[in-house]
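Everything on this sheet refers to the single structure shown next.
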Amino acid sequence: MCETVDEYFEVALSLVKKAGNLITAHTSGCKTFQQKSCDIDLVTEVDKNVEDTIIGGLKAKFPAHKFIGEETVSSGGKCELTDDPTWIIDPVDGTMNFIHGFPHSSISVGLTINKEAVAGIVYNPVLQQLFTAKKGQGAYYNDRQIHVSTIKELGKALITFEAGTSRDTEKRDAVFENFKLVVNKAHGVRCLGSAALNMAMVALGGADANFEFGIHAWDIAAGDILVREAGGVCIDPAGGKLDLLARRVLCAATPELAQELVASIAQLYPERD
Ligand code: IPD
């Protein structure tokens, strides 16, 4: 196999742009949906069609590659991360937003090789926001190279943070605890409703840190490389190396801010992907 990450990326980018039209066909919302794990974990036909478009197109070009797609896994598919090139796909990250017509949803596509994210695309087709990154080549917002902020203290930071898509009591308690922390200490807190877009905001320098428990590999694989290529850190919320399948993420503009959050936030260890 002599293709390069650049070639893989170009194929993925054109499929993501094509699939974006399936989302923009419903800019005022999508009222037909089904429940998955609970009443706030939802899926639409568009989620499935976007995933089929992207996985179908990538498989046709790269038959040896592996895939972890949110809707394929939700319907019983394997969630296995090996050293092989693996595409990790969230077809509509922010399905709740998409259903309501709140214009912050994204297609999130990450490519891992040797279990490390080497390329990422986060695309909000409604607002025409395209975030991309390739290992060693920087991170971009549309055509502009982007960098994280220089904020080192929680007291000066704008934090993105989510309640997530589960009403589990332990999860809810950790969310309330952490919400209290950021409301009391940070400059501000924002919830975009899409983990991938929250991470893209850190890469852009618009937010200074993001953390979440209970997310999945498909929510964070692209965001991980976006933040790192923009000069930030993306780690486990307890301070170790990021594990894409551990359902825990913390990214920050600076190591100092990351460490302050590691020392302050209530931890949660959800069941692995
Ligand atoms: C969800 C969104 C949300 C985050 C949840 C994710 P989905 O993804 O990213 O912001 O809080 O943890 O599951 O279900 O819309 O693809």
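Overview of values
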{"quantity": "Rounded accessible area per residue of the chain, 1.4 Å, Å²", "calculated": "43 Å²"}
{"quantity": "Set of lysines with alpha-carbon distance to Lys171 below 16 Å, sequence-local pairs under 8 removed", "calculated": "Lys180"}
{"quantity": "Neighbour cut-off at most 14 other Cβ (10 Å), DSSP loop, trypsin sites (Lys or Arg not before Pro), region 1-66", "calculated": "Lys31"}
{"quantity": "Percent accessible area from carbon and sulfur atoms, the chain, protein chains only, probe 1.4 Å", "calculated": "52 percent"}
{"quantity": "Enclosed volume per residue, in Å³, of the convex hull spanned by Cα atoms of region 78-202", "calculated": "145 Å³"}
{"quantity": "Summed side-chain charge close to Ala119 - residues other than Ala119 whose Cβ falls under 13 Å, Lys, Arg +1, Asp, Glu -1", "calculated": "-4"}
{"quantity": "Lysines with Cα under 16 Å of Lys241, excluding same-chain neighbours fewer than 8 positions away", "calculated": "Lys115"}
{"quantity": "Rounded accessible area of Asp273 (nearest 10 Å², 1.4 Å probe)", "calculated": "40 Å²"}
{"quantity": "Label point 7 Å beyond Cα of Asn114 along Cβ direction - residues of region 70-84 with amide nitrogen under 19 Å", "calculated": "81-84"}
{"quantity": "Residue pairs, from the table Lys31/Lys66; Lys18/Lys66; Lys18/Lys134, whose Cα atoms sit over 30 Å apart", "calculated": "Lys31/Lys66"}
{"quantity": "For Phe176, solvent-accessible area (1.4 Å; no DNA, RNA or ligand), Å²", "calculated": "120 Å²"}
{"quantity": "Debye log10 I(q)/I(0) at q = 0.10 Å⁻¹ for the chain, Cα point scatterers", "calculated": "-0.45"}
{"quantity": "Low-density loop cleavage sites - GluC sites (Glu not before Pro) in region 182-273, where at most 12 other Cβ are within 10 Å (DSSP)", "calculated": "Glu271"}
{"quantity": "Charge tally in the Cβ shell below 15 Å around Thr4, where Lys, Arg are +1 and Asp, Glu are -1, Thr4 excluded", "calculated": "-1"}
{"quantity": "The chain, helix-only ellipticity at 222 nm - DSSP H runs n ≥ 4, -39,500 (n - 2.57), divided by all residues, nearest 500", "calculated": "-11000 deg cm²/dmol"}
{"quantity": "Per-residue SASA entry for Val126, accessible area with 1.4 Å probe, Å² rounded to 10", "calculated": "50 Å²"}
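The values are calculated or read from the model by the stated rules, or taken from the named source; none is laboratory data. Computed from a predicted model, the values in this text were never measured in an experiment. All Cβ positions, even for glycine, are placed from backbone atoms using ideal geometry, and neighbour counts span all protein chains on display. Heavy atoms of the whole protein, side chains included, go into the accessibility calculation; ligands, DNA and RNA do not. Shrake-Rupley method; radii C 1.70, N 1.55, O 1.52, S 1.80 Å.
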